[in-house]
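Here is the structure we will look at, set down as structure tokens.
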Amino acid sequence: MSTWTDKITRHPLVAASLLLGLCLLPLLAQQLGQAPVRVLDQALLYVLLALGLNVVVGYAGLLDLGYVAFYAVGAYLFALLASPHLTEQFSGLRSLFPMGLHAPWWLILPLAALLAAVAGLLLGAPTLRLRGDYLAVVTLAFGEIVRLFINNLGHPVNLTNGARGISPIDDLQIFGMSLGRPLELGPLTLAPVTLYAYLLLALVGLSVLVSARLQRSRLGRAWMALREDEMAARAMGLDTRSLKLRAFAVGACFGGVAGVFFAALQGFISPESFSLQESVLIVAMVVLGGLGHVPGVILGALLLSVLPEALRHASGPLQRFTDGHLDAPILRQLLIALAMIGIMLWRPQGLWVGRR
């Protein structure tokens, strides 16, 4: 049975059109201002996070409500190693690095993926015998523990600066070119948010290829057997404990990498960016799009990340209609919730599910 990747590779014209459209997308968004491009950047980050969680929830069938913790691990690792915060707080480091650490991002990126994978193993190890609601509660607690841990590491040793967050954080540099400065290409000027959009598009493309290869690999098929029936998978000789740990570790790597780019794009991070609401939103993206189906997961992530901005314009007239008794953010959340309820009643299996 052919898959969506086979259909694209068998039609070069479709693949070329898709690639051209993706290349033009940031430029077209820039014509409307920097705000739409920033929304695009945020949407691409959510796509990366949803692809990572899809490995855990969609492939292996393990409900993870603490996925944002791995996002925080990558973001804070980059913030600590690519900002003057540590040298300002510790005199020993200041004497060794008087100008600050400012480690290159290409060195921090694999470290963030590795550290997030270790955190995934730490989460997975105590949950090997848990299923369903019990697993969800433990993973939820893990995400909150990480957030509270980061929030309280500002005292007595100021490692994370607590609730005040860390800033300024270095911009990414590629071949000596800083993505935090506009790039002049003749008459065309690419804003920093546009440069980040192109980098995130490349990263999402690579992640899609990795996810598709994982799905069709021997490991991916074993994960799906675990998802369908753990007892039957164990009876067929599969090491379910190892499969669960690998699912948590691989999915966490995506989150750690996304955290690095989030910290660089924002230039500032704080524990508020990694709340339980973010974890629930990422799970909703995977479920809404279609569990285990990469194009569906991408669709769900794009919808739930762009929908709040689109509803920003719709909430204004509704707020005026209620004489300002309802705040616009509350109205947007209400509209999003109603849209999700309607979609899940109409398509409970997801908006775009695989043929199998």
Would you confirm whether any residue within the range 32-52 is open to solvent by 10 Å² or more (accessible area, probe 1.4 Å), within 21 Å of residue 157 (Cβ to Cβ) and touching a residue at least 12 places away in the same chain (Cβ under 8 Å)?
no
Among (1) more than 26 Å from residue 276 (Cβ to Cβ); (2) in contact with a strand residue (DSSP E or B) (Cβ under 6 Å, 6 or more places away or on another chain), where does residue 86 come up short?
(2)
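Restricting to the range 141-158, name every residue that is out of contact with any Phe, Trp or Tyr (no Cβ under 6 Å at 6 or more places or on another chain), open to solvent by 50 Å² or more (accessible area, probe 1.4 Å) and at pLDDT 90 or above. Reasoning before the result, please.
Looking only at the range 141-158, we keep the residues that are out of contact with any Phe, Trp or Tyr (no Cβ under 6 Å at 6 or more places or on another chain), and these are 141-146, 148-158.
Going one step further and asking which of them are open to solvent by 50 Å² or more (accessible area, probe 1.4 Å), we end up with 145, 148-149, 151-152, 155-157.
Passing the criteria: 145, 148, 149, 151, 152.
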So for the range 132-143 (the condition being among the polar types (S, T, N, Q) and in a helix (DSSP H, G or I)), does at least one residue qualify?
yes
Just one of the numbered conditions (1) over 15 Å from the mean Cα position of the chain (by Cα); (2) modelled with pLDDT of 75 or more; (3) assigned to a helix (DSSP H, G or I) is not true of residue 333; which one?
(2)
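Results for (1) under 20 Å from residue 80 (Cβ atoms); (2) of a type in the set (Asp, Glu), shown as yes or no for each residue.
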{"site": "158", "(1), (2)": "yes, no"}
{"site": "162", "(1), (2)": "yes, no"}
{"site": "167", "(1), (2)": "yes, no"}
{"site": "184", "(1), (2)": "no, yes"}
{"site": "197", "(1), (2)": "no, no"}
{"site": "200", "(1), (2)": "no, no"}
{"site": "216", "(1), (2)": "no, no"}
Which number in (1) surrounded by fewer than 23 Cβ atoms within 10 Å (Cβ to Cβ); (2) touching a residue at least 24 places away in the same chain (Cβ under 8 Å); (3) not acidic (Asp, Glu) marks the one condition that residue 18 misses?
(2)
What are the pairs with Cβ atoms under 7 angstrom where one residue, in the range 150-177, is without any contact (Cβ under 8 Å) to a residue 40 or more places away in the chain and the other, located anywhere, is open to solvent by less than 70 Å² (accessible area, probe 1.4 Å) and among the β-branched types (Val, Ile, Thr)? Sequence gap at least six, or different chains.
153/160; 154/160
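Which one of 32, 22, 18 is over 27 Å from residue 117 (Cα atoms), of a type in the set (A, V, I, L, M) and in a loop (DSSP other than H, G, I, E, B)?
After applying the criteria, what remains is 32.
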For the condition of a type outside the set (Asp, Glu), surrounded by fewer than 17 Cβ atoms within 10 Å (Cβ to Cβ) and either closer than 30 Å to residue 243 by Cβ or out of contact with any helix residue (DSSP H, G or I) (no Cβ under 9 Å at 6 or more places or on another chain) (or both), what is the one hit in 107, 128?
128
Residue 93, sole failed condition from (1) in contact (Cβ under 8 Å) with a residue 60 or more places away in the chain; (2) under 19 Å from residue 157 (Cβ atoms); (3) part of a helix (DSSP H, G or I):
(1)
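The values are calculated or read from the model by the stated rules, or taken from the named source; none is laboratory data. What you are looking at is a predicted structure, and each value in this text was computed from that prediction instead of being measured. All Cβ positions, even for glycine, are placed from backbone atoms using ideal geometry, and neighbour counts span all protein chains on display. Heads up: the accessible areas ignore ligands, DNA and RNA and are worked out on the full protein's heavy atoms, side chains in. Shrake-Rupley method; radii C 1.70, N 1.55, O 1.52, S 1.80 Å.
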